Amino acid sequence: MTTKTIRLNSRKLAQGQIIAKLPSNLFQYGHSFPVRVPTSIVYSGGYITIRPDGEPRFYINGDSSGWNSATGYIYGEYLWVE
């Protein structure tokens, strides 16, 4: 078994934006995990989806029209075992 961890902190993100380029061998399968975002009444949080090719994308959970990419931020850590 191998334990892996990723930590992401960023600002000025748009819905569906690729936020980094990670090694393609870091993920055997696709992963999604929640991240901390500013609170809102129109969306209920944010999450990251990472495919095995190493491209993490940021998404808002809910109405993304309320997301302010100029002042929004994400913060999160994800740990998994392969």
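Within segment 49-78, can you find the residues that are aliphatic (A, V, I, L, M), under 15 Å from A14 (Cβ atoms) and in a strand (DSSP E or B)? Lay out the reasoning, then the answer.
The first filter runs over segment 49-78 and keeps only residues aliphatic (A, V, I, L, M), leaving 50, 60, 70, 74.
Next, from what is left, pick out any that are under 15 Å from A14 (Cβ atoms): 60, 70, 74.
I60, I74, listed by residue number.
Please go through segment 32-82 and pick out each residue that is among the hydrophobic types (A, V, I, L, M, F, W, C) and free of Cβ contacts under 8 Å to residues at least 60 places away in the same chain. Break it down stepwise before answering.
As a first pass, look at segment 32-82 and keep what is among the hydrophobic types (A, V, I, L, M, F, W, C): 33, 35, 37, 41-42, 48, 50, 58, 60, 67, 70, 74, 79-81.
Selection gives F33, V35, V37, I41, V42, I48, I50, F58, I60, W67, A70.
Going through segment 33-56 one residue at a time, which ones are closer than 22 Å to K21 by Cβ and among the polar types (S, T, N, Q)?
Within segment 33-56, just T49 meets the criteria.
Here is a list of conditions, (1) touching a Pro at 6+ places or on another chain (Cβ under 9 Å); (2) assigned to a loop (DSSP other than H, G, I, E, B), and T39 meets all of them except one; can you say which number that is?
T39 satisfies all of (1) touching a Pro at 6+ places or on another chain (Cβ under 9 Å); (2) assigned to a loop (DSSP other than H, G, I, E, B) except (1).
Of the residues in segment 16-32, how many are part of a loop (DSSP other than H, G, I, E, B) and in contact with a Phe, Trp or Tyr (Cβ under 6 Å, 6 or more places away or on another chain)? Let's see the steps before the verdict.
Residues of segment 16-32 part of a loop (DSSP other than H, G, I, E, B): 16-17, 19-30.
Next, from what is left, pick out any that are in contact with a Phe, Trp or Tyr (Cβ under 6 Å, 6 or more places away or on another chain): 17, 19.
So the count comes out to 2.
Criterion first (surrounded by 14 or more Cβ atoms within 10 Å (Cβ to Cβ) and part of a loop (DSSP other than H, G, I, E, B)) does L13 satisfy it? Working first, answer last.
Numbers: surrounded by 14 or more Cβ atoms within 10 Å (Cβ to Cβ): yes; part of a loop (DSSP other than H, G, I, E, B): yes.
For L13, the condition - surrounded by 14 or more Cβ atoms within 10 Å (Cβ to Cβ) and part of a loop (DSSP other than H, G, I, E, B) - is met.
If a residue must be in contact with a Lys or Arg (Cβ under 8 Å, 6 or more places away or on another chain) and among the hydroxyl-bearing types (S, T, Y), how many such residues does segment 24-70 contain?
Number satisfying all stated conditions: 2.
A quick yes/no check of all residues on (1) in contact with a helix residue (DSSP H, G or I) (Cβ under 6 Å, 6 or more places away or on another chain); (2) within 16 Å of G76 (Cα to Cα):
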site: M1; (1), (2): no, no
site: R7; (1), (2): no, yes
site: K12; (1), (2): no, yes
site: K21; (1), (2): no, no
site: L26; (1), (2): no, no
site: H31; (1), (2): no, yes
site: V35; (1), (2): no, yes
site: V42; (1), (2): yes, no
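Quick note: the coordinates plus some simple rules give every number you see, no bench work behind them. Owing to the predicted nature of the structure, the values given are computational and were not obtained by experimental measurement. When we count neighbours, we look across all protein chains shown, and the Cβ atoms used for this are built from the backbone with ideal geometry, even at glycine.
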